[in-house]
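Only one structure is covered here, and it is reproduced in the block below.
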Amino acid sequence: MEKPYNIVVLGSSRVGKTTLITNKRDAVVSTIGVDFFCREIQYENKKENIQFWDTSGQEIYNSICRNYYNKADCALLVFDLSNKDSWERAEKWFYDLREYDSDIGIVFIGNKADLVTELTQKQTADWVVMWGRAKELSETQNIKLLPCSAYNGDGVEECIIEAVKASRLKRKSKSVIERERTVSLNQPLLNKEKIKTACCN
């Protein structure tokens, strides 16, 4: 059996990270440190097991969150579509992730899409700017950007599937790198054997 995909979930407090990955739409207590949730989904006629590392959005826990970067196959960067500050935090996490692991799979998720129609004029203007910046970064970095509503479930399944896709690519890339490293380490031994054989002949 394949190991479950490890997916770290990052985002500011109250952006809906826990609701997104657990499907619990009741009042959720803010995460302290890191919580763990397991989930199974059906994708391409195959059961995929996922282990979510749900991190706290509070800055005092940032150093703890970084411990999970190198172990993760993918990161979900969640921000609140009604709060531009949450996007700025997600953007910082993106660059932090890239600094630690340039190959990690990443999916940007704009949560609380159900609130967009209720925004004030000022909030709507902020949303337009925020979404434009998110779209520009995702396109230049070739990263998926998805809106969803963890509250009513719209788009949540697509977000999870994209995380699985990104995790698969990460595992595949890691496997190729490990094979190339093995070949590289074995090459001097092969060369020595060739020299030895040539000398004996």
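The values are calculated or read from the model by the stated rules, or taken from the named source; none is laboratory data. Keep in mind that this is a model prediction, so the values were computed, not measured. Note that we place each Cβ from the backbone using ideal geometry, even for glycine, and neighbour counts take in every protein chain shown.
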Practice task
Tell me, please, whether a residue that is modelled with pLDDT under 90, of a type in the set (Asp, Glu) and touching a Phe, Trp or Tyr at 6+ places or on another chain (Cβ under 7 Å) can be found in the stretch 100-120.
Solution key: yes
Fill in the blank from the handout: Picking from 97, 119, the residue that is surrounded by fewer than 17 Cβ atoms within 10 Å (Cβ to Cβ) and of a type outside the set (Asp, Glu) would be 119
Exercise for the section: Filter the stretch 37-65 for residues that are hydrophobic (A, V, I, L, M, F, W, C) and at pLDDT 90 or above and give the result. Expected result: 37, 38, 41, 50, 52, 53
Handout entry: Some residue of the stretch 66-85 being farther than 16 Å from residue 19 by Cα, free of Cβ contacts under 8 Å to residues at least 60 places away in the same chain and in contact with a strand residue (DSSP E or B) (Cβ under 8 Å, 6 or more places away or on another chain)
Key = no
Exercise for the section: Take residue 81 and decide whether it is of a type in the set (A, V, I, L, M, F, W, C) and surrounded by fewer than 21 Cβ atoms within 10 Å (Cβ to Cβ). Expected result: no
Exercise for the section: For the stretch 66-83, enumerate the residues that are modelled with pLDDT of 90 or more and aromatic (Phe, Trp, Tyr). Expected result: 79
